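Undergrad: Below: one structure in structure tokens.
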Amino acid sequence: MIRIGVTDLGGARHEVQANAGDRLMEVLREYDWGVAAICGGMCSCATCHVFLEQDWFDRFPEADYDEQDLLDFLDHRAPNSRLSCQLTLEPEHDGLQVTLAPEE
Amino acid sequence: MGENVVIIGSGQAGLQTAVSLRQLECAGAITLVGREPHLPYQRPPLSKQILTGEWEPARCLLRHAEFYAEHDLRLLRDRMATQLNPAHRHVLLDDGTTLDYDALVICTGARPNRLRFPGAELEGVCYLRTLDEAQALAAQLQPGAALTIVGGGFIGMEVAASARSRQCRVNIIESQPRVMQRSVLEPVSNFLQARHEQRGVAFHLQECLSAAHGDRRVESVSLDDGRRIATDLLLVAVGVRPDLEWLEGSGIECGRGVHVDTHGRTSIDGIYAAGDVAETLHPLLPGRQVLESVQNAVSQGKAAAASIAGRPQPYTEVPWFWSEQYHYRFQMAGLPRPDDELVSLDTGQPDSLCLLSVGGERLHAVQCINSPQDYMAGRRLIGLAKPLALDRLDRPGARLKELL
């Protein structure tokens, strides 16, 4: 079981649980306060944008070309931005801290 | 607000309406009525990851099973509405029960167009709209099996790609001169058809199915010109139509779909519609449109919920859509208009495409293959609806985002 701390758009903190192999977006879209993830994880819509705390950011594989391209277009993009549909959770991500990005 | 809301249809639009109502702090009763035995699920993977076997069916679910009780959403499955009575504010279900409502949301989606032809009843003739249908088709896509698809639209093309990845032999029969003609610009049709042909898919354009042949199970199909194609499976994928029949006699205003404004309101007070069933006004589009997409279902569901909650929020988002075939990601936003000029942009990337549909200096639509940055720029530009300085793109290496 992987525990994830999430800060939602209102600043409220939540703790959620996931399994190894889950994509972060699929975990987050389950909640009212979660991500919209309209395209269902096709890296097509950028509605699952999150910020990762820096030391966690470095523990995921780098964003590929398509994801970078979408991120480039977001008003709320920050150096620690990722699309959560592109992040696969592994056991070493237990304790991950993420903040949801505002809707564009 | 203690309103009693009934939502007919539990697909993407129906679920979104329910979720948005709770997010907007509507505390009243919410009942979702779904035709299928499953929990609400998303349809885009049905022609892709479910057919290829990449996904377990449960991964399509839009919310986990406990979500409904946790949010006090009453979900009725395996139930259809059969009649709407606005004067008494109730709907009749197929099991004879009656549901009263203060607000009703029509989210019955669309049903596949059925084709009539000799042999239509043979085993192996199938349609694809539901998870059950997708699983049944997936089970039959064995290596070496021959699949014939009537209809070269998005569903037909996506199924062809999925079937090729499972080493099936694929033929596509399309009555129009090019594939996906209704929705995409000609270079997109040509690009994707060529990629399918490179992978062994055979196209029969401007041809119609005349019959399916076989003893008990389909063994071959014949075309109008008399040719025969041996096949193990025949998928009919010739578009959908809004599911409206149950509204007959209700007096609600319909055209191709249920007429709604940008707030999801129909012609009858207290009744709303969203998703594939709705025919909507939209500030960026001409006339009324039935928009068959996840984005549209979500946006309209939100708009209907906002109206019911008394916090109206019109639907103004640029309509967008995507498809995946092999490793080609097609993305489009806006709708081309008949007299538009077609502009092709150099994407700077191999094996990709970016097309603009421009009229009166406005960008009406962008259609891209494997060029997400141009697509995102185009989507923004359409929403801005300002005159486009296209001449600034007349140099090598120019990118669409420079016009933002």
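The values are calculated or read from the model by the stated rules, or taken from the named source; none is laboratory data. All of these numbers come straight from a predicted model, not from anything done at the bench. Note that each Cβ is placed from the backbone with ideal geometry, even for glycine, and that neighbours are counted across all protein chains shown. Remember, those area values only see protein heavy atoms, side chains included, never the ligands or the DNA or RNA. Shrake-Rupley method; radii C 1.70, N 1.55, O 1.52, S 1.80 Å.
Undergrad: Check B:Gln193, B:Gln206 and return the single one that is of a type in the set (S, T, N, Q) and more than 16 Å from B:Gln325 (Cα to Cα).
TA: Going through B:Gln193, B:Gln206 in turn, just one is of a type in the set (S, T, N, Q) and more than 16 Å from B:Gln325 (Cα to Cα): B:Gln206.
Undergrad: Let me ask another. Could you grab me the full set of residues in the stretch B:266-278 that are out of contact with any Leu (no Cβ under 8 Å at 6 or more places or on another chain) and surrounded by fewer than 22 Cβ atoms within 10 Å (Cβ to Cβ)?
TA: Those that are out of contact with any Leu (no Cβ under 8 Å at 6 or more places or on another chain) and surrounded by fewer than 22 Cβ atoms within 10 Å (Cβ to Cβ): B:Ser267, B:Ile268, B:Asp269.
Undergrad: Being more than 15 Å from B:Leu233 (Cα to Cα), open to solvent by 10 Å² or more (accessible area, probe 1.4 Å) and assigned to a loop (DSSP other than H, G, I, E, B) is the filter here, so list the residues in the stretch B:152-171 that pass it.
TA: B:Gly153
Undergrad: Looking only at the stretch B:349-379, which residues are without any contact (Cβ under 8 Å) to a residue 60 or more places away in the chain, of a type outside the set (Gly, Ala, Ser) and within 14 Å of chain A (Cβ to nearest Cβ)?
TA: Correct list: B:Gln349, B:Pro350, B:Asp351, B:Cys354, B:Val366, B:Cys368, B:Asn370, B:Pro372, B:Gln373, B:Asp374, B:Tyr375, B:Met376.
Undergrad: Turning to a different aspect of this structure: Just to verify a result, which residue in the stretch A:3-58, among those that are under 16 Å from A:His76 (Cα atoms), outside any loop (DSSP other than H, G, I, E, B) and free of Cβ contacts under 8 Å to residues at least 60 places away in the same chain, is nearest to the other protein chains (Cβ to nearest Cβ)?
TA: Within the stretch A:3-58, the match that is nearest to the other protein chains (Cβ to nearest Cβ) is A:His49.
Undergrad: Name the pairs whose Cβ atoms lie under 6 Å apart, with the first residue in the stretch B:57-83 and in contact (Cβ under 8 Å) with a residue 40 or more places away in the chain and closer than 22 Å to A:Gly41 by Cα, the second surrounded by 19 or more Cβ atoms within 10 Å (Cβ to Cβ) and of a type in the set (S, T, N, Q), and 6 or more positions between them or separate chains?
TA: B:Cys60/B:Gln42; B:Leu62/B:Gln42
Undergrad: Okay, moving on. Applying the selection to the stretch B:327-345, what residues are without any contact (Cβ under 8 Å) to a residue 60 or more places away in the chain, buried (at least 16 other Cβ atoms within 10 Å of the Cβ) and under 30 Å from B:Arg164 (Cβ atoms)?
TA: Within the stretch B:327-345, B:Arg329, B:Gln331, B:Ala333, B:Leu335, B:Leu345 meet the criteria.
Undergrad: Being surrounded by fewer than 15 Cβ atoms within 10 Å (Cβ to Cβ) and among the aromatic types (Phe, Trp, Tyr) is the filter here; which residues of the stretch A:2-33 pass it?
TA: A:Trp33
Let's see how each residue does on (1) at pLDDT below 95; (2) more than 27 Å from B:Arg380 (Cβ to Cβ):
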position	(1), (2)
A:Arg3	no, yes
A:Leu24	no, no
A:Gly34	yes, no
A:Asp64	yes, no
A:Thr88	no, yes
A:Asp94	no, yes
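Undergrad: Moving on. I'm checking my understanding of the structure. Among residues of the stretch B:350-404 that are touching a Ser or Thr at 6+ places or on another chain (Cβ under 6 Å) and assigned to a loop (DSSP other than H, G, I, E, B), which one is surrounded by the fewest Cβ atoms within 10 Å (Cβ to Cβ)?
TA: The extreme case among them is B:Ser352.
Undergrad: Under 30 Å from B:Ile369 (Cβ atoms), open to solvent by 10 Å² or more (accessible area, probe 1.4 Å) and of a type outside the set (D, E, K, R): does that describe A:Pro91?
TA: In short, no.
Undergrad: Mind checking which residues of the stretch B:108-134 are on the phi < 0 side of the Ramachandran plot, under 17 Å from the mean Cα position of the chain (by Cα) and in a loop (DSSP other than H, G, I, E, B)?
TA: The answer is B:Thr108, B:Asn113, B:Arg114, B:Tyr127, B:Leu128, B:Arg129, B:Thr130.
Undergrad: Could you list, ordered by first residue, the pairs with Cβ atoms under 8 Å in which the first is in the stretch B:280-295 and within 17 Å of B:Gly360 (Cβ to Cβ) and the second is of a type in the set (D, E, K, R), at least 6 apart or interchain?
TA: Note: pairs meeting the criteria are B:Pro286/B:Arg337.
Undergrad: Related question: Against the condition open to solvent by 10 Å² or more (accessible area, probe 1.4 Å), touching a helix residue (DSSP H, G or I) at 6+ places or on another chain (Cβ under 7 Å) and of a type in the set (Val, Ile, Thr), how does B:Val318 come out, does it pass?
TA: In short, yes.
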